[in-house]
Amino acid sequence: QVQLVESGGGLVQPGGSLRLSCAASGFTFSNYDMNWYRQVPGKERDLVASITAADRTINYAASVKGRFTISRDNAQNTVYLQMNSLTPEDTAVYYCNAGAVDPWRRRVAYWGQGTQVTVSS
């Protein structure tokens, strides 16, 4: 059974930090690109950060660049999102996503359940 189990969300003050974790099981973690998305009610789900499987290439959304850090530990089948200097605009449900292509070039994707991050004073 494929599982992406997230933890680390919660309530934090502006300027504070949180570290999100996503523990994966049921698939070959090291073969999958790992991504963090976030979504505010009534708006579309946006990509926040990505780290590839092949060469660990990292990309960030402009809104979080310099504040967030994505990393992965293939030995622990876990991807992390370190979030610093948080602002109320970072408030959202954050989703862990694993993506790859199969031998027929069809997209394979798995999603976590989402974890709430609220930045408020």
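A few comments on the model shown:
- Strands (runs of 3 or more DSSP E) contained in the range 1-115 and holding at least 3 residues touching a Leu at 6+ places or on another chain (Cβ under 8 Å): 18-25, 33-39, 68-73, 78-83, 92-101
- Test: Ser121 is open to solvent by 30 Å² or more (accessible area, probe 1.4 Å), among the small types (Gly, Ala, Ser) and assigned to a strand (DSSP E or B): no
- Looking across the range 31-70, the residues that are within 20 Å of Gly10 (Cβ to Cβ) and among the hydroxyl-bearing types (Ser, Thr, Tyr) come down to Tyr37, Thr69.
- Counted residues, the range 3-31 - those being in contact (Cβ under 8 Å) with a residue 24 or more places away in the chain and either in contact with a Gly (Cβ under 6 Å, 6 or more places away or on another chain) or within 12 Å of Tyr94 (Cβ to Cβ) (or both): 11
- Residue list for the range 10-45, restricted to those being under 20 Å from Ser120 (Cβ atoms) and either open to solvent by less than 70 Å² (accessible area, probe 1.4 Å) or aromatic (Phe, Trp, Tyr) (or both): Gly10, Val12, Pro14, Gly15, Gly16, Ser17, Leu18, Leu20, Arg38, Gln39, Val40
The values are calculated or read from the model by the stated rules, or taken from the named source; none is laboratory data. Worth saying up front: this structure is predicted, and the values here are computed from it rather than measured. Glycine also receives a Cβ, built like all others from the backbone with ideal geometry; neighbour counts cover every protein chain displayed. Accessible surface areas use protein heavy atoms only, side chains included; no ligands, DNA or RNA. Shrake-Rupley method; radii C 1.70, N 1.55, O 1.52, S 1.80 Å.
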